[in-house]
Amino acid sequence: MQNLVKHTLYLFLIITGLTAAITLAGICYVWFFSEAKELPHLKWLIGSVIIEVVAVILMLAKKGMKYLPDTQTDKEPKNTLKFMEDFISTGTSATVVSNRVSWLAGNDKLISILQAKVEAGTRIEIITPNEVPEALRENLKGASFIVTKEIISPEARFTLVNGDRSGAEKLAIARGVHPDHEITIFDNNSGPQIIAMAKDIIRKSKELADAK
């Protein structure tokens, strides 16, 4: 399918180039060699070139947009909460990697949302370097807490959904703090390499937690 799109694009570019060359040749002939004021159908050739150029630009833009990640900037924590609720709802599993869980432990609404997802069948995993308070474990029964006990806390903050469904993964990476809390969302088109690295981090974190 990718080769078909590529060949179709090349064909459009060749046709556009040929049409433009014929049009330019006609214009040069009228200006320098012909006594006639205009050539028959020259205006149609010019119109075709314009339409073809616009079509190629739109095609390239449409193709390119597919490979760009989505982004959003949250000014308030409630916006991030709403995003997490919607994002986790898109998958049958979700793995949250964070260097601390205080943001979750103090948020009863998010805990209730995650608990509802667990009860609905969504597999929730939370990976963190520090021990998780027992109260949080009790409030979020059914979720898996993976504690790596790393001395130096990692800087990674991301959520991966559908991590066990190759090709259907979606990855949200967070950075900054409110009111400039930015989230970048990748899928298998816009960031397959980044998703692969996130899955490697998750796998190695689980291996580290099991080793300890």
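Which pairs have Cβ atoms under 8 Å, sit 6 or more apart or on different chains, and link a residue in the stretch 149-164 that is on the phi > 0 side of the Ramachandran plot to one that is among the basic types (Lys, Arg) and surrounded by 15 or more Cβ atoms within 10 Å (Cβ to Cβ)?
Asn162/Lys170
Condition check ((1) more than 23 Å from Tyr67 (Cα to Cα); (2) modelled with pLDDT of 90 or more) across all residues:
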| residue | (1), (2) |
| --- | --- |
| Thr148 | yes, yes |
| Ser153 | yes, no |
| Phe158 | no, yes |
| Val177 | yes, no |
| Ile185 | no, yes |
| Glu207 | yes, yes |
| Lys212 | yes, no |
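Being not in a strand (DSSP E or B) and not polar (S, T, N, Q) is the filter; apply it to the stretch 159-170 and report the residue that is nearest to Phe87 (Cα to Cα).
Per the stated criteria, the residue is Glu169.
Quick one: is Glu134 surrounded by 17 or more Cβ atoms within 10 Å (Cβ to Cβ) and free of Cβ contacts under 8 Å to residues at least 40 places away in the same chain? Spell out the reasoning first.
Details: surrounded by 17 or more Cβ atoms within 10 Å (Cβ to Cβ): no; free of Cβ contacts under 8 Å to residues at least 40 places away in the same chain: yes.
So Glu134 fails the test.
Yes/no matrix, rows are residues, columns are (1) farther than 26 Å from Val177 by Cα; (2) in contact with a Gly (Cβ under 8 Å, 6 or more places away or on another chain); (3) in a helix (DSSP H, G or I); (4) in contact (Cβ under 8 Å) with a residue 40 or more places away in the chain:
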{"position": "Leu104", "(1), (2), (3), (4)": "no, no, yes, no"}
{"position": "Lys109", "(1), (2), (3), (4)": "no, no, yes, no"}
{"position": "Ile113", "(1), (2), (3), (4)": "no, no, yes, no"}
{"position": "Ala116", "(1), (2), (3), (4)": "yes, no, yes, no"}
{"position": "Asn130", "(1), (2), (3), (4)": "no, no, no, no"}
{"position": "Glu138", "(1), (2), (3), (4)": "yes, no, yes, no"}
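State which residue pairs qualify: first residue closer than 15 Å to Leu160 by Cα and inside the stretch 68-86, second residue modelled with pLDDT of 90 or more and aliphatic (A, V, I, L, M) in any location, beta carbons under 6 Å apart, and separation of 6 or more residues or different chains.
Qualifying pairs under 6 Å: Pro69/Ile185; Asp70/Ile185.
Output yes when any residue across the stretch 171-186 is under 17 Å from Ile126 (Cα atoms), out of contact with any Pro (no Cβ under 9 Å at 6 or more places or on another chain) and assigned to a loop (DSSP other than H, G, I, E, B), and no when none is.
Checked the stretch 171-186: no residue is under 17 Å from Ile126 (Cα atoms), out of contact with any Pro (no Cβ under 9 Å at 6 or more places or on another chain) and assigned to a loop (DSSP other than H, G, I, E, B).
Taking the stretch 30-51 on its own, how many of its residues are at pLDDT 70 or above, surrounded by 11 or more Cβ atoms within 10 Å (Cβ to Cβ) and of a type outside the set (Val, Ile, Thr)?
Number of matching residues: 3.
Do we have Pro129 as modelled with pLDDT under 90 and surrounded by 12 or more Cβ atoms within 10 Å (Cβ to Cβ) here? Spell out how you get there, then give the answer.
Details: modelled with pLDDT under 90: no; surrounded by 12 or more Cβ atoms within 10 Å (Cβ to Cβ): yes.
Taking the combined requirement at face value, the residue does not satisfy it.
Listed here are the residues, each with its yes/no results for (1) over 15 Å from Ser98 (Cα atoms); (2) under 23 Å from the mean Cα position of the chain (by Cα).
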residue	(1), (2)
Glu119	yes, no
Ile126	no, yes
Ile152	no, no
Lys170	yes, yes
Gly176	no, yes
Gly191	yes, yes
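Of the residues Leu18, Leu68, which single one is at pLDDT 70 or above, under 21 Å from the mean Cα position of the chain (by Cα) and open to solvent by 90 Å² or more (accessible area, probe 1.4 Å)?
Working: Leu18 fails: under 21 Å from the mean Cα position of the chain (by Cα).
Answer to the selection: Leu68.
When you go through (1) more than 19 Å from Phe145 (Cβ to Cβ); (2) assigned to a helix (DSSP H, G or I); (3) open to solvent by less than 60 Å² (accessible area, probe 1.4 Å) one by one for Ala209, which number turns out not to apply?
Ala209 satisfies all of (1) more than 19 Å from Phe145 (Cβ to Cβ); (2) assigned to a helix (DSSP H, G or I); (3) open to solvent by less than 60 Å² (accessible area, probe 1.4 Å) except (1).
Name, by its number, the condition in (1) open to solvent by 30 Å² or more (accessible area, probe 1.4 Å); (2) modelled with pLDDT under 85 that does not hold for Glu76.
(2)
The values are calculated or read from the model by the stated rules, or taken from the named source; none is laboratory data. Here the structure is a predicted model, which is why all the values come from computation and not from measurement. Cβ: placed from backbone, ideal geometry, glycine included. Neighbour counts: every protein chain shown. Note: areas computed on protein heavy atoms with side chains; ligands, DNA, RNA excluded. Shrake-Rupley method; radii C 1.70, N 1.55, O 1.52, S 1.80 Å.
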